[in-house]
Amino acid sequence: MTVAERVDGHPVTRRVTVHLRQQDLSPSGHVGNASTVGVLEEARTVFLGHARPGRVGYADGILEVLGERARMLIGQQTVEYTSELWYAHEPLLVSLWISHIGRSSFSVAATIADQSDPTAQAAVSSEATIVLVDRLTGRPWPITDDVRDVFVRHHGDPVALRPRPGPDAPAGP
């Protein structure tokens with residue numbers, strides 16, 4: 001890992017600020033859950049890179065290393081809310097890092113904090129599993145050594161998400 005900075009005990013390799021809009025607020029007055037997912041997507045696009053209009057590949061992010069070989073799809077995303085986010089003039093602060101590297105997929109962990117309160121813990125934690133697929137066949141694309149080397153430089157521990165309820169889950173309070 002190349003960055004010694006930590007947020008809530010997690011290493012951070014990229015910090016992105018995202019401004020809220022009035023329409024991001026729910027009827028309750030806090031940032032709505034759909035808007036929160038949009039904030040995560042915007043920050044993840046800055047971290048990973050954006051598609052280049054009219055061309056294949058990614059620009060301005062760690063996925064530039066893919067070139068024209070593969071594209072990404074979100075396979076799963078888990079979002080956990082630990083406190084409400086309220087509208088503020090200061091942008092939200094999203095911290096991102098890679099938390100898992102598999103054979104043809106990787107996970108991006110993220111936290112969102114209210115930048116207007118420097119003592120605030122993360123209000124949102126998230127982990128998204130991203131599958132790399134071959135541009136021609138649409139089949140999973142095995143992560144090559146050059147791509148893995150880039151991912152490893154941004155690797156850190158997964159976020160600690162609460163276990164899902166179910167038959168094997170411990171009884172709640």
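The values are calculated or read from the model by the stated rules, or taken from the named source; none is laboratory data. Bear in mind the structure is a predicted one, so any value in this text is a computation, not a measurement. Note that each Cβ is placed from the backbone with ideal geometry, even for glycine, and that neighbours are counted across all protein chains shown. Calculation scope for accessible area: heavy atoms of the full protein, side chains included, ligands and nucleic acids excluded. Shrake-Rupley method; radii C 1.70, N 1.55, O 1.52, S 1.80 Å.
Quick rundown of the values:
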quantity	calculated
On Cα atoms only, tilt of 33-48 relative to the major axis of the chain in degrees	40
Surface share of carbon and sulfur [accessible, 1.4 angstrom probe, percent] for the stretch 12-165	51
Whole-Å distance, taken between Cα centres, linking the stretch 18-47 and the stretch 82-161	16
Segments 34-47, 64-77, 102-115 sorted - mean Cβ within 10 Å per residue, highest first	102-115, 34-47, 64-77
Gain in span if fully extended, residue 160 to residue 41, counting 0.36 nm per residue against the direct Cα distance	40.9 nm
Inter-label distance for residue 89 and residue 69, nm, one decimal - labels placed 7 Å from Cα along Cα-to-Cβ	4.8
Average projected area [Cα convex hull, the chain], square nanometres	12.4
For the stretch 71-117, accessible area per residue (1.4 Å probe, heavy atoms of protein chains only), Å²	46
For the stretch 82-159, convex hull volume per residue from C-alpha positions, Å³	124
Surrounding net charge for residue 37, when Lys and Arg each add one and Asp and Glu each subtract one, Cβ distance under 14 Å	-4
